[in-house]
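Worksheet: the structure to be examined is printed underneath.
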Amino acid sequence: MGVSEEVCPECRSTKLTRDYELGEITCGQCGLVISESMMDSGPEWRAFDSQQAKERARGGAPLSYMRPNKGLVTEIDQYNRDIRGARLPSKKQAQFYRMRKWHKRASIASSTERNLAIALSELNRIASYLGLPESIREAAALTYRKCIEKGLIRGRLIESIVSAVIYAKCREYGIPRTLNEIAQISGVKKKEIGRAYRNISSELGMKIPLADPSYYVPRFTAALGLSGKVQEKAINLMKKATKKHLISGRGPTGLAAAAVYTASVLCNEQRTQKEVADAAGITEVTIRNRYKELKRELSIRVPAAAG
């Protein structure tokens with residue numbers, strides 16, 4: 001309820017009360033119902049503190065870093081229909097076609113806007129193939145914009161910077177995606193993505209944690225059709241390896257794959273090193289070397305037949 005400064009037509013009192021639940025304006029002096037169809041122009045949501053009110057308040061569609069103009073532009077649709085849904089005459093359609101064409105040219109006028117349009121389209125494509133959520137795409141798009149502001153894209157392929165930004169955000173948010181996967185989808189060499197990633201993380205001062213090999217274990221066990229027991233065993237092996245400082249200086253995918261292979265042997269669900277290598281996207285030699293290190297450093301005893 002709220003109090004208004006309007007005047008009651010009956011007793012000329014200014015003590016009017018607005019009841020937004022009933023939609024009524026009543027006089028607090030004589031009780032006259034002045035209006036029974038009051039419209040509530042306030043928000044349809046409730047807030048219980050100032051923080052909630054600030055978070056829920058809005059004025060239009062939300063901004064999106066995944067769009068070159070962040071969504072702050074008028075779009076002329078492709079439907080060629082009027083407000084009643086009837087098709088426009090051919091002369092009007094030709095007029096709208098020209099308007100649409102020049103509107104697109106005007107909205108992507110500068111070289112930065114053109115770069116963003118290409119980069120964000122590529123970012124969305126790679127993220128879709130990797131199955132990344134919208135929050136990661138938005139974070140990656142924001143980081144790419146920072147790269148443009150810092151001038152980090154000069155002399156480099158747009159695809160390499162986009163791939164590096166996606167890899168950085170996957171590392172930051174603990175999503176298990178490898179450089180090999182991103183390189184294969186983007187069509188950019190792994191070496192080039194790695195170089196761009198190091199440059200971006202250094203120039204932007206990004207504090208990216210070391211990749212945790214245990215993040216990759218569920219993916220590999222699922223791809224190999226192994227049980228939850230094997231997955232749990234492999235994660236325990238990775239925890240022991242971390243305490244022994246075996247993960248420093250070694251690729252996380254190689255260690256994770258070796259742990260999965262070792263756990264499959266110990267749980268009598270053995271897969272061949274080639275099968276594990278194919279699932280992890282690495283070579284059998286890498287698995288063999290990491291497997292030997294795990295056995296030696298963790299004092300693991302495996303059946304003689306398994307090696």
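The values are calculated or read from the model by the stated rules, or taken from the named source; none is laboratory data. In this text, all values refer to a predicted model and were calculated from it rather than measured experimentally. Note that we place each Cβ from the backbone using ideal geometry, even for glycine, and neighbour counts take in every protein chain shown.
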* To do: Tally the residues that are more than 34 Å from the chain's Cα centre (by Cα) and surrounded by 14 or more Cβ atoms within 10 Å (Cβ to Cβ), restricting the search to the stretch 93-116.
  => 1
* Does R250 meet the test of being at pLDDT 90 or above and under 30 Å from the mean Cα position of the chain (by Cα)? -> no
* Of R177, R195, R171, which residue is within 22 Å of D278 (Cβ to Cβ) and out of contact with any strand residue (DSSP E or B) (no Cβ under 9 Å at 6 or more places or on another chain)? -> R177
* Asked: Does the stretch 133-144 contain at least one residue that is touching a helix residue (DSSP H, G or I) at 6+ places or on another chain (Cβ under 8 Å) and more than 30 Å from I282 (Cα to Cα)?
  -> no
* In the stretch 146-187, what residues are surrounded by 20 or more Cβ atoms within 10 Å (Cβ to Cβ), over 16 Å from P213 (Cα atoms) and of a type in the set (S, T, N, Q)? -> S160, S163, S186
* **Any hit, the stretch 181-203, residues being out of contact with any helix residue (DSSP H, G or I) (no Cβ under 9 Å at 6 or more places or on another chain), small (G, A, S) and at pLDDT 90 or above** => yes
* helices (runs of 4 or more DSSP H) completely within the stretch 166-225 that count 1 or more residues being closer than 21 Å to G249 by Cα and assigned by TED's automatic domain parsing to the domain that holds S128 -> 179-186, 190-203
* Counting just the residues of the stretch 126-138 that are touching a residue at least 60 places away in the same chain (Cβ under 8 Å) and under 12 Å from V162 (Cα atoms), which one comes out nearest to the chain's Cα centre (by Cα)? -> R137
* Of all residues in the stretch 170-196, which are of a type outside the set (K, R) and over 18 Å from the mean Cα position of the chain (by Cα)? -> N180, A183, Q184, G187, V188, E192, I193, G194, A196
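Among the residues of the stretch 65-108, write down those that are small (G, A, S) and closer than 28 Å to Y144 by Cβ. Before the answer, list the steps.
Looking only at the stretch 65-108, we keep the residues that are small (G, A, S), and these are 71, 85-86, 90, 94, 106-107.
Correct list: G71, A106, S107.
Out of everything in the stretch 21-45 that is among the charged types (D, E, K, R) and modelled with pLDDT under 75, what residue ends up being surrounded by the most Cβ atoms within 10 Å (Cβ to Cβ)? Explain how you work it out, then say what you get.
Taking the stretch 21-45 and keeping what is among the charged types (D, E, K, R), we get 21, 24, 36, 40, 44.
Next, only the ones that are modelled with pLDDT under 75 stay: 21, 40, 44.
Numbers: E21: 7, D40: 10, E44: 5.
Only one residue fits best here, namely D40.
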* Asked: Of everything in the stretch 117-145 that's of a type in the set (D, E) and closer than 15 Å to P68 by Cα, which residue is surrounded by the most Cβ atoms within 10 Å (Cβ to Cβ)?
  -> E122
* Have a look at R12, R18 and point out the one that is modelled with pLDDT of 75 or more, among the basic types (K, R) and assigned to a loop (DSSP other than H, G, I, E, B). => R12
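Please go through the stretch 253-267 and give me each residue that is among the polar types (S, T, N, Q) and modelled with pLDDT of 90 or more, ordered by number. I'd like the intermediate steps shown before the answer.
Here is the first cut: in the stretch 253-267, the residues among the polar types (S, T, N, Q) are 253, 262, 264.
Answer for the stretch 253-267, where residues must be among the polar types (S, T, N, Q) and modelled with pLDDT of 90 or more: T262, S264.
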* All positions within the stretch 82-115 that are at pLDDT 85 or above and outside any helix (DSSP H, G or I) -> A86, R87, L88, P89
